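Here is the structure we will look at.
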């Protein structure tokens, strides 16, 4: 009995787990589960073996003494042997108990660390039984839900339901968990104070040794702020898309307005330009009359240029300008620009000089657009320079691969703060300048856009108001030998042609007829498509000149109908619509040339020569 007492004393005492780990201990439930599993599978098995061996030894000795009485004389020796055997068993039991205690201590410490990690986790964690009753939570779970640990332990997880999700949502969730699969998803739950929050939830089933689902562990992350940000971002995106759509609609409306405005402004200018060309072609005019005609011509050109500038700004912003680039000699372009501006230079009695540098300077460019760039810059220099001032134009190479064109004047100058915005649309530095010199402030914007389309740069420099200004344009040179295109000159006179003129604006039709007749052509008029088709059916023509906007149908319909009927007479579209898409539609319909109103006599003659061959 003394030996068994020692064994009992050596074995670890089994204290009820509820006393050692109360429910409000953070790791108590987890540690209880682990220790119960350890005692059942390890310690109990070895103790059972120990007791069985001891019982077998004592029973064997008793049977031997009863069967063979002579062995009684050897009983002291047998008792001594049994004592040694029992002592060995005691030692073995004590060592087993010590090992078991150490294993329990290590397991206890390891589980304490795991429990501390779960407790310190930023995400809320809860362990429930198979029915969803909460057995354990960490502090983050309590902070997320607003419940204290003692309040929530023992409650079913349904206490957090907000009612936002329907029964189908929970049925699908439980079906997934019932299959032993992990469920992940978002849900809206309710805190203790009744407020709702959005959580990202991962629920994992825990099985026992028999494979049955015994518990669930849920890991929750509060994503309310993230969802609010996503909602705000989505709202901002919708707002931005609406704003973009509104801006695009406004842009289209602006383009439509400018196209309509261009058409309406160009139409009355067309007969003026044609009449001016007709009068200037007459002989015997006195000097005073010629000066008046030149004055009219300059102002009509200015009005036309303003309309073109408005359309060019729209084309640049939409990327609709197409360049017809060819190798050209830059000096020819500059001298042609000087010829155009020479009248204004002489009128202001300006000292003008041009230094062509050590050319030739060959650039790959659209000759017409190059003239537009330098006409804008030189005209600005002349306009902002007072009478008797100076304007200088110079060219020079820059590093062997570029040419720099510099236009310098002694005029109004540019204030420092205005230099940064001088190339913005509708900017002229100051309102006083706009009032004094007029204009829309589009020339520099257009020049900058065109220079950049040619791969160049443009910059402005000024020491301030009253100190003059310098504009520099830097363009890449064509380094290899190339065939140089000459700047287009006036076309040769065309042979007399039979022309059908389709125009519904009476003034334009009459003056255009007189202009064409004066140039030696035979002209037949029509005011609409129906009449024009009858004229074509009645006789043959060498050339068609047609407006686009006609009363019954469009000029595009007219040319398409002719092509459908097999009539291949070349046609020229003469229209106030001047957008790139307007020109493209004219060419696709069958017109050989698209002229924009008002057109000059030279352009009209060139178009007739090109279309009629």
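FYI, it's all coordinate maths here, none of it is from the lab. The structure presented is a predicted model; accordingly, all values stated were derived computationally and were not measured. Cβ placement follows ideal geometry from the backbone for every residue including glycine, while neighbour counts extend to all protein chains displayed.
In plain terms, the chain from residue 553 to residue 318 could stretch by 81.7 nm, reckoned as 0.36 nm per residue minus the Cα-Cα distance.
Please say if the stretch 252-345 is rounded, prolate or oblate, where rounded means a/c under 1.5 for a ≥ b ≥ c the square roots of the C-alpha gyration tensor eigenvalues, and otherwise the choice is prolate for a/b larger than b/c and oblate otherwise? Here the stretch 252-345 falls in the oblate category. Most tightly packed first, judged by the mean number of other beta-carbon atoms within 10 Å of their residues, the peptides 149-156, 362-369 read 362-369, 149-156. Available extension along the chain between residue 184 and residue 306 is 37.3 nm, counting 0.36 nm per residue and deducting the alpha carbon span.
Of the peptides 186-196, 502-512, the order by per-residue mean of other Cβ atoms within 10 Å, starting with the highest, comes out as 502-512, 186-196. What is the diffusion coefficient of the stretch 174-222 in µm²/s, taking the Kirkwood radius over Cα pairs and the Stokes-Einstein relation at 25 °C with a viscosity of 0.890 mPa s? It comes out at roughly 204 µm²/s. For the stretch 114-227, just say rounded, prolate or oblate: build the C-alpha gyration tensor, square-root its eigenvalues into a ≥ b ≥ c, call rounded for a/c under 1.5, and beyond that prolate if a/b exceeds b/c, oblate if not. Because a/c hits 1.5 or more and a/b fails to exceed b/c, the stretch 114-227 counts as oblate.
With a Förster radius of 45 Å applied to the C-beta separation of residue 326 and residue 230, the computed FRET efficiency comes to 0.25.
The alpha-carbon positions of the stretch 355-415 define a convex hull whose volume is 105 Å³ per residue. Cα centroid distance between the stretch 541-599 and the stretch 237-284, in Å? After rounding, the separation between the Cα centres reads 18 Å. Between residue 169 and residue 292, the modelled labels are 8.7 nm apart [label points 7 Å from Cα along Cα→Cβ].
Each label was represented as a point 7 Å from its Cα along the Cα-to-Cβ direction; for residue 162 and residue 240 these points are 2.7 nm apart.
Modelled label positions at residue 344 and residue 356, each set 7 Å beyond Cα in the direction of Cβ, lie 2.4 nm from each other. Computed from the C-beta positions of residue 133 and residue 248 and an R0 of 56 Å, the FRET efficiency is 0.45 to the nearest 0.05. As a length-normalised measure over Cα pairs under 8 Å and 6 or more apart, the relative contact order of the stretch 124-222 settles at 29 percent. Starting from the Cα of residue 223, step 7 Å toward the Cβ, then list every residue of the stretch 183-200 with an amide N under 15 Å from that point. Within reach of a label on residue 223, which here means backbone N under 15 Å from a point 7 Å along Cα→Cβ, the stretch 183-200 contributes 183-189, 197-200.
Overall, the ratio between the Cα radius of gyration of the stretch 321-476 and 2.2 N^0.38 Å, rounded to two decimals, is 0.99.
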